[in-house]
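Notes follow once the structure below has been shown.
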Amino acid sequence: MAGDKVVQKSIDELFSFIQKSPTAFHAIDTIRGMLDEQGFEELMEGKRWDVFPGGKYYVTRNGSSIIAFKIGNDLEQYCFRIVASHSDSPTFKIKENAEIAVNKRYTKLNTEGYGGMICSSWFDRPLSLAGRVVIKEGQKYVTKLVNLDRDLLMIPNVAIHMNRTVNEGFAYNKQIDLLPLISGKAYEQGMLRELIAKELSVLPESIYGMDLFLYNRTAPCKWGTEEEFISCPQLDDLECAYTSLQGFLNGENDKSVQVYACFDNEEVGSLTKQGAGSTFLCDVLTRINRLLGKDEEDYLCALASSFMLSCDNAHAVHPNHPEKTDMDNCVYMNEGIVIKSHAGQKYTTDALSGAVFKGICEASGVPVQYFVNRSDMAGGSTLGNIAMSQVSVHCLDIGLAQLAMHSCYETAGVKDVDYMIRAVTGFYNTEFCGKRDDSLEVRQNDSVAEI
């Protein structure tokens, strides 16, 4: 496994992508750079668009969500082929007036939890700050990204001698226990602003707004007897954001509009202007349809045979707690794409969408496995069913098996990175044609299968 050059190249590029993406803002900026290198044209939501068959484009919203698309040349009966992931991960956001002096000896920062993190995983690790800053330049407000790229903070544990019951279960208080230490001096308010201003080479008083977050600086690694595992911050969901982007760049299909979406705020419910529950995807698809000279009827026909993959990682069987997994639907790292389903529709997969995707994976040489929650345990949710409230298409939820989801240092399988790239590439290369009985005709490698 460790000698497979294609797999190793994908892992190295994934690690580089994640290290360049400490926040959702940085992740989208990294994706923008990758699209620019591939000749994509940037569009602005607030300006008129000109798009044409054969063109490649992208548009961002809030600097933390992006939708890219490639337009085919044979669109008489076209559809949308969409893959969606998310750019955010659980972390801690820095509050305004963040500096807290302690006993005239320390300065710590006031934070607020973002998403459902495993609190204990954030202790005793090198941390830093990254995000976006709004600078006033004359009469303009300009957004700049910032990353204090050095070991800057830490959240120290209380010694076991002072917390004898810590190993018997401890309820962490985010307002008390999770505040990071930044200095051995007592600073007044404004220290952090001055630190950011120095990093950006601007005056502190020119900073009018900051969205700053903690991030884990522990380096990614490969490990295991055969280097079969990877561990890294933010695998949920930057692993899917990266692999689905690679599949999007590889895919080609003249009879469709191929769409790559990466939304912010999945970890807090997606109900923001840039989340999967916003109008962002619908706005982009309707604009494309109109600019291609199509009418509303064409758009509705296109949606009827369109398909979306909602990509967000899945829970592998835990080696110490296999009882947490459904007895007959166990998923493991390095054993392929995970198809996720839920009777209560937390996941969008149904028999039709699951069957179509299984066929795509078979044609791409990619194994699949199935995840459902234990019936007596509540599971998480993702962006697929939320996005469907705005754009209704065939959809299923998939992901890659991982351990320690929502830890600040997560674990996944080496082989699965390449599996996802191949499966998403196969998805984009597949033709779909809607049938009157709500089935789909699927074309792969010049063969036709009506499902």
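The values are calculated or read from the model by the stated rules, or taken from the named source; none is laboratory data. Since this is a predicted model, take the numbers as computed values, not measurements. Neighbour counts are summed over all protein chains in view; Cβ atoms, including those assigned to glycine, are modelled from backbone coordinates with ideal geometry. Keep in mind that these areas ignore ligands, DNA and RNA; they rest on the heavy atoms of the full protein, side chains included. Shrake-Rupley method; radii C 1.70, N 1.55, O 1.52, S 1.80 Å.
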**Complete:** The ³J(HN,Hα) series, computed from each phi in segment 187-202 with the Karplus coefficients 6.51, -1.76 and 1.60 at θ = phi - 60°, rounded to the nearest Hz and given as x for glycine or proline, is 9, 7, 4, x, 4, 5, 4, 5, 5, 5, 4, 5, 4, 8, 6, 10
**Request:** Provide the solvent-accessible area of Ser120, counting protein heavy atoms only and rolling a 1.4 Å probe, rounded to the nearest 10 Å².
**Result:** 60
**Request:** Determine by what factor the alpha-carbon radius of gyration of segment 8-147 differs from 2.2 N^0.38 Å, reporting the quotient.
**Result:** 1.38
**Message:** If you take every residue apart from Thr91 with its C-beta less than 15 Å away from the C-beta of Thr91, what net charge results, scoring Lys and Arg +1 and Asp and Glu -1?
**Reply:** -3
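Test of understanding: express the Cα radius of gyration of segment 387-429 as a ratio to 2.2 N^0.38 Å, with N the residue count.
On the way: Rg = 13.9 Å, N = 43, 2.2 N^0.38 = 9.2 Å.
So the Cα radius of gyration is 1.51 times the expected 2.2 N^0.38 Å.
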**Message:** Need one number for segment 307-355: average projected area of the convex hull over its C-alpha atoms, nm².
**Reply:** 4.2
**Message:** As I understand it, the dipole of the chain uses +1 on the Cβ of Lys and Arg and -1 on the Cβ of Asp and Glu, about the Cα centre. Which of Phe307, Gly184, Tyr428 lies farthest toward its positive end?
**Reply:** Gly184
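Rounded to two decimal places and with Rh computed the Kirkwood way over Cα pairs, what is Rg over Rh for segment 65-149? Numbers along the way, then the final one.
Working: Rg = 20.8 Å, Rh = 17.8 Å.
In segment 65-149, Rg relative to Rh is 1.17.
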**Request:** Kindly provide log₁₀ I(q)/I(0) values, in the same order as q = 0.09, 0.12, 0.13 Å⁻¹, from the Debye equation applied to equal alpha-carbon scatterers of the chain.
**Result:** -0.61, -1.04, -1.19
**Complete:** Long-range amide H partners of Tyr409, meaning residues 5 or more apart or on another chain whose placed amide H is closer than 5 Å, are none
**Prompt:** Against the longest alpha carbon principal axis of the chain, how many degrees, from 0 to 90 and to the nearest 10, is the axis of helix 235-250 turned?
**Reply:** 40
**Request:** Grab the beta carbon distance between Glu41 and Tyr332, set R0 = 45 Å, and tell me the FRET efficiency rounded to 0.05.
**Result:** 0.60
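Given the DSSP H assignment, sum -39500 (n - 2.57) over each helix run of at least 4 residues in the chain and divide by its residue total; what's the result at 222 nm in deg cm²/dmol, nearest 500?
Calculated mean residue ellipticity at 222 nm is -7500 deg cm²/dmol.
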**Request:** List the lysines whose Cα lies under 25 Å from the Cα of Lys222, skipping any in the same chain that are fewer than 8 positions away.
**Result:** Lys5, Lys9, Lys20, Lys415
**Asked** Can you list the aspartates and glutamates whose alpha carbon sits under 16 Å from that of Lys108, skipping same-chain ones fewer than 8 residues off?
**Response** Glu96, Glu99, Asp124, Asp151, Asp177, Glu188, Glu194
**Message:** Can you give the log10 of the normalised intensity I(q)/I(0) at q = 0.12, 0.24, 0.25 Å⁻¹, computed with Debye over equal Cα scatterers of segment 248-311?
**Reply:** -0.37, -1.15, -1.19
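A 28 angstrom limit on the alpha carbon distance is what I want to check against. Which of Lys56/Lys144; Lys144/Lys340; Lys136/Lys174; Lys104/Lys140; Lys47/Lys93; Lys93/Lys144 exceed it? Let's see the in-between values first.
Working: Lys56/Lys144 26 Å; Lys144/Lys340 38 Å; Lys136/Lys174 32 Å; Lys104/Lys140 39 Å; Lys47/Lys93 32 Å; Lys93/Lys144 17 Å.
Long pairs (Cα-Cα over 28 Å): Lys144/Lys340; Lys136/Lys174; Lys104/Lys140; Lys47/Lys93.
Over segment 102-155, what lengths in whole Å, largest first, do the semi-axes of the equivalent ellipsoid take, defined as the square roots of 5 times the eigenvalues of the alpha-carbon gyration tensor?
Working: eigenvalues 152, 52, 29 Å².
Listed largest to smallest, the semi-axes of segment 102-155 are 28, 16, 12 Å.
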**Message:** If the reach is capped at under 22 angstrom between alpha carbons, list the lysines near Lys346, excluding any in the same chain fewer than eight residues apart.
**Reply:** Lys273, Lys324, Lys358
**Förster radius 60 Å - calculated FRET efficiency between Asn110 and Glu76, Cβ distance, rounded to 0.05** = 0.55
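Thinking of segment 184-328 as a set of Cα atoms, what percent of all their pairs are more than 28 Å apart? Don't skip to the answer; put the middle values down first.
On the way: 5317 of 10440 pairs.
When every Cα pair of segment 184-328 is considered, 51 percent fall beyond 28 Å.
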